[in-house]
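To keep things clear, I will list the structure first and then write my remarks on it.
The values are calculated or read from the model by the stated rules, or taken from the named source; none is laboratory data. Since the model is a prediction, treat every value here as computed from it, not as a measurement. Note that each Cβ is placed from the backbone with ideal geometry, even for glycine, and that neighbours are counted across all protein chains shown. Remember, those area values only see protein heavy atoms, side chains included, never the ligands or the DNA or RNA. Shrake-Rupley method; radii C 1.70, N 1.55, O 1.52, S 1.80 Å.
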Amino acid sequence: MASLARTGTGGERADGRPRLVVHATRDGAVRLESAHKSLLLDAETRVHRYLKAAHRAAVAAYEGAGATDAADRLATGIYVGAVVATLTAEGELDTADAQIAVATLAEARGEPREAASFDLYRAACSHALVLELPPLVAAELQLRLLIQLGVATEVSLWRGEGGNVEPLVVIGHGAESRRARATARAALRRGGSLTLVGGRALRSALVRRFTEPAAAVVARVNGSGTRLDAYLMVAAAALSPVLERELLLERSAERERLLVSAGEQRLMRIGFDLHDGAIQDVLALGADITHLRDQIYPFVLDTHRERAEGRFDDLLARVVELDRQLRELSRSLESRSIVSRPLGEILHREVDAFRERSGIDATLEIRGDPESLTSAQRIAVYRAIQESLSNVREHSGASMVEIRLRMRRSSIEVRVVDDGQGFEVGRALARAAQRGRLGIVGIGERVRMLGGSFEIDSAPGGPTMLTFALPRVQPDR
């Protein structure tokens with residue numbers, strides 16, 4: 001379903017209103033405002049916030065460019081390009097939306113649709129909202145826009161390694177054909193574009209990564225082949241930083257795995273030490289207390305026996321509770337189950353155990369598929385939620401806590417909210433650091449180490465909200 005709802009092949013609007021007509025003037029961003037109002041009137045309500053955000057950025061560009069008619073033209077292109085990029089990144093764009101955007105830009109600037117289409121593709125492909133997505137997602141959206149704009153009927157992206165080519169992105173029937181593969185292989189071998197003709201022409205463009213040939217875009221012509229060549233050159237230039245970021249993320253992920261592996265091995269060693277050391281000492285202490293009770297019981301006067309027995313029972317109960325807590329801590333330090341078992345199952349189990357131990361009403365909501373996370377991200381999410389719940393139980397006085405995990409296209413977002421008494425964040429963190437209680441600080445460091453962001457929002461009287469986000473990268477192979 002189109003988000004920018006306009007129908008008809010002649011450019012007329014859905015309600016029969018006439019085509020957009022813009023009269024150039026020296027006063028104000030007339031073209032920009034006309035395009036903005038046109039899209040707002042026809043668009044679905046759910047995308048109005050995207051249109052308004054793009055409009056704010058375009059107004060700033062208009063003023064920065066001198067607030068002239070030329071600046072108005074520039075700002076209008078920036079506005080429509082940002083709208084398309086935003087809808088693309090949010091998964092809202094379809095072919096009808098792309099055509100509406102082209103028509104709106106062409107009408108507002110008084111230029112041919114071909115010129116508006118090319119400028120729109122250039123702006124959308126290089127927009128930050130698209131480039132910051134996971135590399136393969138960004139590449140697919142950049143190439144899919146070629147079909148949505150009606151420039152190509154099928155398109156694919158091929159990576160060359162050791163003389164072989166493998167498809168990274170395939171869009172359209174026949175995009176993974178032998179002829180497409182041969183075109184990509186020839187383009188990578190020659191280090192430039194290539195055209196094979198067989199019924200309908202296939203065109204290609206070379207994508208470089210750090211100046212070296214890395215991939216080839218192959219598309220089937222829909223109309224002028226020369227026109228498609230120009231689009232593919234833009235696509236190749238836009239894909240270059242995407243593939244460079246993919247390589248950097250792969251290297252970063254490898255370093256991340258090594259670093260996290262070392263940290264988790266230390267935690268596992270601590271867990272084993274607890275099990276083999278402190279826990280066994282606690283068991284021995286319980287046995288010694290029981291033995292002491294049995295030894296001195298005959299020498300206790302009858303009038304004091306009941307009190308003495310109660311004291312010994314209290315001591316043994318405390319020892320049992322200490323043993324339970326140490327065993328729980330020892331198990332929580334084991335990371336193998338976090339990596340190998342479904343994350344949703346582990347988190348639900350942790351929340352259920354928290355609810356049972358603390359008596360605090362706890363809810364967990366997961367949106368999206370958390371199994372697409374890397375091992376390091378799974379561990380970071382689990383540890384952060386675990387530490388947050390521990391803080392809620394020990395310090396908040398809360399009766400309710402909500403945990404939400406949301407998987408977005410470009411990030412993983414976690415929010416933990418409790419209705420407790422709250423606190424002054426700066427003072428509490430400084431005091432915790434002085435005492436050596438670095439749980440929350442540790443969460444922040446772990447998140448930032450993985451390239452994420454971390455924030456605590458609280459005040460005396462509550463509520464308290466802890467949020468953090470991690471960038472989406474490719475799962476561990």
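For R208 and L283, FRET efficiency with R0 = 45 Å and r from the beta-carbon atoms, rounded to 0.05?
It comes out at approximately 0.10.
Would you mind calculating the gained length between A60 and R409 on full extension (0.36 nm times residue separation, minus the Cα-Cα distance), in nm to one decimal?
Taking A60 through R409 to full extension adds about 122.9 nm, to one decimal.
Can you give me the orientation-averaged projected area of the convex hull built on the Cα atoms of the range 81-203, in nm²?
8.3
Tell me the trypsin sites (Lys or Arg not before Pro) within the range 342-422 that lie in a loop according to DSSP and have at most 16 other beta-carbon atoms within 10 Å.
R408, R409
Per-residue counts of other Cβ atoms within 10 Å, averaged by peptide: what ranking do you get for 101-110, 452-461, 51-60, highest first?
The peptides rank, most packed first, as 101-110, 51-60, 452-461.
Want the number for E365 to H304: 0.36 nm per residue separation, take away the alpha-carbon distance, what's left?
Using 0.36 nm per residue and subtracting the Cα-Cα distance, I get 16.5 nm.
For S390 and L247 in one chain, what is 0.36 nm times their gap in residues minus the Cα-Cα distance, to one decimal in nm?
Additional length available on full extension: 47.7 nm.
Kirkwood hydrodynamic radius (Cα pairs, Å) of the range 30-115?
Averaging 1/r across every pair of different Cα atoms and inverting gives 12.7 Å.
Calculate what fraction, in whole %, of the accessible area of the range 64-103 sits on carbon and sulfur atoms when a 1.4 Å probe is rolled over the protein chains.
Carbon and sulfur atoms account for 58 percent of the accessible area of the range 64-103.
Mean shadow of the range 62-105, computed from the convex hull of its alpha carbons, in nm²?
Over all viewing directions, the range 62-105 projects a mean Cα-hull area of 3.2 nm².
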